[in-house]
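The values are calculated or read from the model by the stated rules, or taken from the named source; none is laboratory data. All values reported here derive from a predicted model rather than from experimental measurement. All Cβ positions, glycine included, derive from the backbone under ideal geometry; neighbour counts span all protein chains shown. All accessible areas refer to the heavy atoms of the entire protein, side chains included, with ligands and DNA or RNA removed. Shrake-Rupley method; radii C 1.70, N 1.55, O 1.52, S 1.80 Å.
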Amino acid sequence: MSLKVDPDWWKYLFDEVYLLTDARTVCNDDITQREIDIFGRVVPLKPQNRILDLCGGHGRHALELSRRGFSHCTVFDYSSILLAKGEEDARRHNRPVRFVQGDARDTKLGANEFDHVMILGNSLGYIPEEHADFQILQEALRILKPGGWLLLDVTDGKSVREKLAPLAWHEIGDNIVVCRQREIMDGFIRAREMVLCKNSGLIRDKNYCIRLYAPEPLARLASEAGFADVRVHTDCAIFESRDDVGCMNHRLLLSARKP
């Protein structure tokens with residue numbers, strides 16, 4: 001029996017529990033620094049650039065760029081909880097990063113405002129609606145300056161189909177266990193996530209889904225959205241360990257420019 005997923009799951013799943021269950025990747029400074037090193041070899045990042053971290057959560061990439069001297073970084077995300085976490089981190093480390101809440105399909109940000117729009121950490125493909133990703137890329141095109149760069153970091157659908165285990169679990173400290181049941185159907189990976197506390201019982205039992213892309217369809221999507229010089233990079237190894245971190249294990253990087 002296939003897993004049922006609320007199409008609005010992305011509106012409420014990214015909260016304090018997410019920061020706990022995915023901390024080994026999304027709260028890991030070493031991984032974030034390694035990612036920025038790789039991204040900087042794919043697109044030309046300059047400290048004076050205006051950079052938008054679209055669907056950027058708590059802004060780990062923008063905060064790392066700010067640490068490296070990039071002073072015009074904006075984080076845009078739907079989750080007010082993740083944005084509040086990012087704002088707190090920025091204040092604590094005195095980082096001049098702006099945080100904005102909204103829907104990535106219609107950001108209300110100014111046209112031709114940014115030199116770079118980055119959608120990182122496998123943050124494209126969350127909305128099940130057929131044209132949602134296309135709308136997000138069109139919005140990215142609108143807010144980029146002419147000649148500006150798009151950088152996408154998404155899971156490699158082919159590798160996931162070949163290697164993803166249907167069941168996975170890991171422990172957090174001595175008291176929390178995260179269990180995931182996963183299946184691939186209709187171009188999506190669907191997952192049930194159960195988070196258990198050994199002392200007090202069930203913390204979360206929710207389902208979610210992520211659209212899977214292969215290089216050619218991903219490049220075609222960016223081209224149809226209006227981007228030029230589209231290139232998909234398939235040889236970017238980010239994780240050094242063999243731990244099962246689901247869709248974060250196998251990645252595609254797409255770079256493209258606004259004409």
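Brief remarks follow.
- Of the residues Glu87, Glu16, Glu35, the single one that is within 26 Å of Val230 (Cβ to Cβ) and not polar (S, T, N, Q) is Glu35.
- Verdict on Ala222 being surrounded by 13 or more Cβ atoms within 10 Å (Cβ to Cβ) and at pLDDT 90 or above: yes
- Pairing residues of segment 1-26 that are of a type in the set (Lys, Arg) with residues that are open to solvent by 30 Å² or more (accessible area, probe 1.4 Å), at Cβ distances under 7 Å and at least 6 apart in sequence or on separate chains, gives Lys4/Asn207; Lys11/Tyr78.
- For Arg92, the stated conditions hold: it is at pLDDT 95 or above and among the charged types (D, E, K, R).
- The residues of segment 190-218 that are touching a residue at least 24 places away in the same chain (Cβ under 8 Å), open to solvent by less than 50 Å² (accessible area, probe 1.4 Å) and either in a strand (DSSP E or B) or hydroxyl-bearing (Ser, Thr, Tyr) (or both), listed by number, are Arg190, Ala191, Glu193, Val195, Arg204, Asn207, Tyr208, Cys209, Ile210, Arg211, Tyr213.
- Scanning segment 156-180 for residues that are at pLDDT 90 or above, within 25 Å of Arg204 (Cα to Cα) and surrounded by 14 or more Cβ atoms within 10 Å (Cβ to Cβ) yields Ala168, His170, Ile172, Ile176, Val177, Val178, Cys179, Arg180.
- Candidate set from segment 92-107 (those that are in a loop (DSSP other than H, G, I, E, B) and out of contact with any Lys or Arg (no Cβ under 8 Å at 6 or more places or on another chain)); member that is most open to solvent (accessible area, probe 1.4 Å): Asn94
- Cβ-Cβ distances below 8 Å connect the following pairs, each with a first residue in segment 60-72 that is within 11 Å of Pro47 (Cα to Cα), a second residue that is among the β-branched types (Val, Ile, Thr) and surrounded by fewer than 23 Cβ atoms within 10 Å (Cβ to Cβ), and a separation of six or more residues or different chains: Leu65/Ile36; Arg68/Ile36.
- Close pairs (6 angstrom Cβ cut-off, 6 or more residues apart or separate chains): open to solvent by 10 Å² or more (accessible area, probe 1.4 Å) in segment 108-129, assigned to a loop (DSSP other than H, G, I, E, B) anywhere: Asp115/Asn49; Asp115/Arg50; Ser123/Cys55; Pro128/Pro7
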